[in-house]
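The values are calculated or read from the model by the stated rules, or taken from the named source; none is laboratory data. Because the structure is predicted, anything quoted here is derived from the model rather than measured. Cβ coordinates were reconstructed from backbone atoms using ideal geometry, including for glycine residues, and neighbour counts include every protein chain displayed.
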Amino acid sequence: MKLLQYEDIPRWYSLFWDFKNSKLCLKIHKAFLENEEFKDYSPYFQNIEQKFDWSPLFDTWEPLLGKRTFGINDSITLVNEDDAWLTYQIKIPQAFKKTCSICSGTGKPYGDDASYRDNCRECNGSKKEIRILFDEIHRTCFSLSILLTALAFPPDIEIKTDSKQLFTITTICQSGPHGHSAGGVASPTLLSFLNVFSKEDYLQVKVKVFEAMNFVHEALFGRPDSSDSRFFVDGKHFALSCLGDACEIHTDPIGGTEDMEGADITCHNLDAGIQQLTLLSGLAVLTTLCDTSNSV
């Protein structure tokens, strides 16, 4: 089997960012699906509502690769198909605002709070409270983790495409610290792209990465990311960070030291689904820009 860290491999899947519609998407090559023996992931989805104590229980799940949807409650949905590729959109569950249940939409403190507060303790005077759809976020992250696991290794056949596999990434979805960790491999081509940034290129890429990450974070969390989000490039290596305790996805600096060598992708303190989807969106932007760069 070819190893992505040490050689370029024809692309069999791609996580990418749709700039026009601000969507996190994933493409799968049809040849990969046609030659994949294990396509039914039913065992991974059975009885998980009890495992995660999700309420209400989810309505539907699709365990078969290559169908119109994949995962729980249409978390991953087919949006386009051509002769070679299936393109899926990954659901970003959007938080919503409702009338504050503590102050009934007045924004004023209530009861004993009125003696020492100027605004409602729940909405801080905004008259609205944010409801984050944590169950739906978990369902998206769990579905995506199964799909990315299925796509983690190249097929035994060589895919007929001019596109190169830029990275692989796998994720987890469970409760507790590090419960949404991610890891994978960055290809030699991706690291070479990072290594030729001019200062102007770096600033342009940084803006696009932040725009996508902030868009996803605000959609999921209901408010902008107030932390110092970071996109950092040092030679061939990168780091993406978002709201959290030093929460980031980055390449391992030990790799990529030789020409035409990739590196492992790892993470730090990736605890929550909001963080995972935000950082995956930043990574998707980075690889999408690599695709469209004249230097590749």
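Restricting the search to the range 172-205, which residues are over 21 Å from D252 (Cα atoms) and of a type in the set (S, T, N, Q)? The answer is Q174, S175, S198, Q204.
Among residues that are part of a strand (DSSP E or B), over 19 Å from I249 (Cα atoms) and under 25 Å from the mean Cα position of the chain (by Cα), I159 is not included. Among the residues of the range 84-110, those identified as among the charged types (D, E, K, R) and in contact (Cβ under 8 Å) with a residue 24 or more places away in the chain are K91, K97, K98.
Okay, residues lined up against (1) touching a Ser or Thr at 6+ places or on another chain (Cβ under 8 Å); (2) among the polar types (S, T, N, Q); (3) closer than 20 Å to T292 by Cβ; (4) in contact (Cβ under 8 Å) with a residue 40 or more places away in the chain:
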site	(1), (2), (3), (4)
I172	yes, no, no, no
G183	yes, no, no, yes
L190	yes, no, yes, yes
E200	no, no, yes, no
V205	no, no, yes, yes
D225	yes, no, no, yes
H250	yes, no, no, no
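A single member of D264, D245 is in contact (Cβ under 8 Å) with a residue 12 or more places away in the chain and closer than 18 Å to L15 by Cβ, and it is D264. Given the criterion crowded, with 24+ Cβ neighbours inside 10 Å, modelled with pLDDT of 95 or more and assigned to a helix (DSSP H, G or I), identify the matching residue among L279, L191. Within the list L279, L191, the selection yields L279. Residues in the range 13-53 that are in contact with a strand residue (DSSP E or B) (Cβ under 9 Å, 6 or more places away or on another chain), basic (K, R) and either modelled with pLDDT of 95 or more or not in a loop (DSSP other than H, G, I, E, B) (or both): K23, K27, K30. Within the range 96-154, restricting attention to residues that are surrounded by fewer than 17 Cβ atoms within 10 Å (Cβ to Cβ), hydrophobic (A, V, I, L, M, F, W, C) and not in a loop (DSSP other than H, G, I, E, B), the residue that is modelled with the lowest pLDDT is A114. When V209, V185 are checked against the criterion of being surrounded by 14 or more Cβ atoms within 10 Å (Cβ to Cβ), β-branched (V, I, T) and not in a helix (DSSP H, G or I), V185 stands alone in meeting it.
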